[in-house]
Amino acid sequence: MKLPLLVLAVGALGIGAAVQPFNHLFSDYLEKSSAFITLEGEPFHYHLDWTMMIISTVIAVAGVGLAWVMYVQAPAIPAKIAKSLKQLYFLSLNKMYVDELYQILLVRPLQMLAMLCLIVELILFDLVRLVANIPRYAGEVLRPLQNGLAQFYALTMVMGVVALLGYLILFAK
């Protein structure tokens, strides 16, 4: 792992050294963006925050020093800490159960929602397909009545008149 980290560090230093002379061009370009306007309506002005830089550097160096003490100078310390803080060690060993919580709180409910949406989609798809096919099936049933023969049309008209007269005689008062 040391070699890839060293390669990345050297690459980051090289890019920083190459871009540094042109940094003012890039930051000036971003200042004109509407994303960098403050709440007062003024454009954001770039400045170095020395306090934040010093504090983060001190914290990083302290972390490296603590790791060196715990794993190089006195490698028995981590085992003692793990033994005295069993619950915290067990939680950290299992990544604070973040993956399991993510699975329970987000993935499974969203999978159930997706399954519900799939079921609704299938039902609606079939319903729309049914409604769209009703005129086609009605046309297939009525197609034999439209065969192009005039005598057949006359017969159909006579049957319709007879049915209408029969209805009026039997049911109209």
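Tabulated results
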read-out: Scattering profile of the stretch 120-163 at q = 0.23 Å⁻¹ [log10 I(q)/I(0), Debye over alpha-carbon scatterers]; value: -0.80
read-out: Convex hull (Cα only) mean projected area of the stretch 39-106, reported in nm² to one decimal; value: 9.2 nm²
read-out: In Hz, Karplus ³J(HN,Hα) per residue of the stretch 121-126 (6.51, -1.76, 1.60; θ = phi - 60°; x = Gly, Pro); value: 4, 5, 5, 5, 4, 5
read-out: Mean projected area in nm² (Cα convex hull; one quarter of hull surface) for the chain; value: 31.6 nm²
read-out: Computed accessible area, Phe171, all protein chains, 1.4 angstrom probe, square angstrom; value: 140 Å²
read-out: Probe 1.4 Å, accessible area per residue of the stretch 110-173, Å²; value: 93 Å²
read-out: Choice from Val120, Val158, Val141 with maximal GNM fluctuation in the chain (Cα, 10 Å cutoff); value: Val158
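The values are calculated or read from the model by the stated rules, or taken from the named source; none is laboratory data. Worth saying up front: this structure is predicted, and the values here are computed from it rather than measured. Ligands, DNA and RNA are excluded from the accessible area calculation, which covers all protein heavy atoms including side chains. Shrake-Rupley method; radii C 1.70, N 1.55, O 1.52, S 1.80 Å.
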